[in-house]
Amino acid sequence: MALKVELFKCPKCNNHFYEEEKADKCCAPKHCEDCGKELPYKWYRTVCEPCTERRKFEKARKMTYDEYLTEFGNNMLVVGGDNYFSDMDSIIDHYYGEEEIPQYAYGTEKIDIKINIDSAIENALENAYEDAEFSNLNKLQSFIDEWNAENGLTAYAENSKIIIWIPREEISNA
Ligand SMILES: [Zn+2]
Ligand SMILES: [Zn+2]
């Protein structure tokens, strides 16, 4: 004979649980591991946004812009996750007269954007007979290498391991 089971429902999302405690905890507010503030609903990290940034900040190497140029020349600067600047002067110009001037920027790392011929070759051979192969692939590859060297693009992504101080006094005195 079938047995009756008791289920507990989370009042917020209607998920069902066998244990009352789990249903209670399901959508109950969670708190930031570092500062104890209540985390937003459906937040999947264990720390809040400002504490995430603080942890990132603490782990990063900090340097002046001159040190950054010497070690990582020809890179960009990133402020607040998505504002990319080509140099410190652009940051100073951008924030001139603003009330809130950021204290630091992150460095970037370069990503080469190139044509990858391997996947094109694979594609082309997909409809061929079994074990089909192109000849003269070396020639094609050296042509592509040459083409990439001339026409390849460079993208920049935030390098969260490097922090560059923004000379805020230069902005307020500019
Ligand atoms: Zn729930
Ligand atoms: Zn926090």
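Check GLU6, GLU38 and return the single one that is over 30 Å from SER160 (Cβ atoms) and either more than 28 Å from the chain's Cα centre (by Cα) or within 16 Å of ligand 1 (Cβ to nearest atom) (or both).
None of the other options fit; the residue is GLU6.
State which residue pairs qualify: first residue aliphatic (A, V, I, L, M) and inside the stretch 20-39, second residue in a helix (DSSP H, G or I) and within 11 Å of ligand 2 (Cβ to nearest atom) in any location, beta carbons under 9 Å apart, and separation of 6 or more residues or different chains.
none
Output the number of residues of the stretch 1-40 satisfying the condition of being more than 16 Å from ligand 2 (Cβ to nearest atom) and not hydrophobic (A, V, I, L, M, F, W, C).
The qualifying residues number 15.
For the stretch 133-148, give me each residue that is outside any helix (DSSP H, G or I) and surrounded by 10 or more Cβ atoms within 10 Å (Cβ to Cβ).
Hit for the stretch 133-148 is PHE134, nothing else.
Consider GLU126 carefully, then state whether it is loosely packed, with under 10 Cβ neighbours inside 10 Å, touching a Leu at 6+ places or on another chain (Cβ under 9 Å) and without any contact (Cβ under 8 Å) to a residue 40 or more places away in the chain.
No, not satisfied.
Only one of these conditions is not met by GLU58: (1) under 21 Å from the mean Cα position of the chain (by Cα); (2) exposed (fewer than 10 other Cβ atoms within 10 Å of the Cβ); (3) more than 16 Å from ligand 2 (Cβ to nearest atom). Which number is it?
All conditions are met except number (3).
No lab work stands behind these numbers, since they all come straight from the coordinates. Bear in mind the structure is a predicted one, so any value in this text is a computation, not a measurement. Backbone-built Cβ (ideal geometry, glycine too); neighbour counts: all protein chains shown.
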